[in-house]
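The values are calculated or read from the model by the stated rules, or taken from the named source; none is laboratory data. Given the structure is predicted, the values throughout are model-derived calculations rather than measurements. Backbone-built Cβ (ideal geometry, glycine too); neighbour counts: all protein chains shown.
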Amino acid sequence: MPRASHSALRTVGRVTGAAALAGAATLAWSAGVEVRWFALRRRTVPVLPAGHEPLRVLHVSDLHLTPSQGRKRAWVQGLAALEPDLVVNTGDNLAHPDSVPAVLDAFGGLLDAPGVFVFGSNDYFAPSLRNPVRYLLPDDGQRNTHTPKLPYGDLRDGFERHGWTDLTNRRAELSVKGTTFAFAGVDDPHLGYDDLAAVAGPADRSAHVRVGVTHAPYLRVLDQFAADGYDAILAGHTHGGQLCLPFGRALVTNCDLDTARARGLHRHPPNTPVGDPGSSWLHVAAGLGTSPFAPVRFCCRPEATLLTLTPRPGFVERRTVG
Ligand SMILES: [Fe+2]
């Protein structure tokens with residue numbers, strides 16, 4: 001073989017070897033470190049009337065807990081030390097038929113705080129073996145509906161026994177430290193379970209703050225809540241993209257939300273000024289877990305978020321008096 005061909009082959013071999021090594025290191029990091037590297041995020045959301053004391057709302061989502069995940073359970077138990085004024089749980093708690101006691105144990109002291117919840121597809125159907133790469137491919141929501149049902153009724157009973165409010169296709173009012181919340185929630189839009197007609201209509205202007213809650217942030221739901229006058233919308237489902245580019249740029253949201261809003265605090269519709277009628281804050285949680293059959297995260301740490309609700313600058317209270 002000519003010397004030049006030999007050299008070219010050696011170069012190809014080195015590049016291939018380096019790429020394989022980088023791939024193995026990335027996989028080891030994603031599956032061995034980052035997927036358990038829990039983060040507490042903090043964001044401020046100015047939605048309260050003037051003069052109201054700030055309220056601390058813990059947003060948890062996508063726990064995907066199996067009974068054997070002790071480290072995740074312990075980290076979530078530790079969130080009770082934050083003593084939030086309110087907990088919002090946007091679903092996908094379960095990942096195993098025997099997970100309900102583990103989930104209730106994980107939330108532990110958080111269940112003593114006022115709470116609201118909706119369910120996601122993974123609360124209803126057991127996870128199944130899949131190629132993690134399929135997470136990056138379009139999903140119509142029916143991928144997992146052939147699997148056994150999970151005991152979501154027991155989970156609902158457990159949450160409600162502790163006083164948390166089910167927002168599945170319903171509205172509810174809650175008073176937290178003198179601040180009244182008007183909530184609307186939908187069942188998981190990823191499965192087409194959302195009954196928007198059941199909750200649509202102008203949000204209650206007599207409440208101090210209005211919040212829409214959904215598992216999957218599909219645009220039809222966000223548009224409806226924003227148009228109806230909800231000040232903030234909380235969602236999960238996206239896992240923040242789960243497998244992201246360096247610096248956290250998501251490649252997918254697993255729904256029709258744009259990847260720029262796969263996680264974090266944004267406006268809906270995008271970039272609308274605060275106070276614009278028909279616009280809202282949108283917080284999308286990257287969530288705490290993954291399917292047990294795709295236990296990888298890259299540039300997208302598992303997280304919970306403490307949202308501090310503060311008064312809106314220059315906001316004049318519109319609450320009816322007398
Ligand atoms: Fe999830």
Problem set entry | Of all residues in the stretch 265-283 being surrounded by 21 or more Cβ atoms within 10 Å (Cβ to Cβ) and of a type in the set (A, V, I, L, M, F, W, C), the one that is farthest from the ligand (Cβ to nearest atom) | 281
Exercise. Among the hydroxyl-bearing types (Ser, Thr, Tyr) and under 17 Å from the mean Cα position of the chain (by Cα): does that describe residue 68?
Worked result: no
Exercise. Scanning the stretch 265-287 for residues that are modelled with pLDDT of 95 or more and over 18 Å from residue 209 (Cα atoms), which turns out farthest from the chain's Cα centre (by Cα)?
Worked result: 272
For this session: Could you check the stretch 1-117 for strands (runs of 3 or more DSSP E) lying wholly inside it with 2 or more residues that are touching a helix residue (DSSP H, G or I) at 6+ places or on another chain (Cβ under 8 Å)?
Result: 55-60, 86-89, 115-117
Problem set entry | Whichever residue in the stretch 175-191 is in a strand (DSSP E or B) and over 21 Å from the mean Cα position of the chain (by Cα) and, among such residues, is farthest from residue 85 (Cα to Cα) | 180
Seminar exercise, completed: Given the conditions (1) buried (at least 24 other Cβ atoms within 10 Å of the Cβ); (2) modelled with pLDDT of 95 or more, every one holds for residue 290 apart from (2)
Exercise. Does residue 49 meet the test of being farther than 21 Å from residue 301 by Cβ and either more than 15 Å from the ligand (Cβ to nearest atom) or aromatic (Phe, Trp, Tyr) (or both)?
Worked result: yes
Exercise. Counting just the residues of the stretch 78-125 that are among the charged types (D, E, K, R) and away from the ligand (no atom under 16 Å from the Cβ), which one comes out surrounded by the most Cβ atoms within 10 Å (Cβ to Cβ)?
Worked result: 85
Problem set entry | Condition met for residue 286 (within 15 Å of the ligand (Cβ to nearest atom) and assigned to a strand (DSSP E or B)) | no
Exercise. If you check residue 297 against the conditions, is it more than 30 Å from residue 177 (Cα to Cα) and crowded, with 24+ Cβ neighbours inside 10 Å?
Worked result: yes
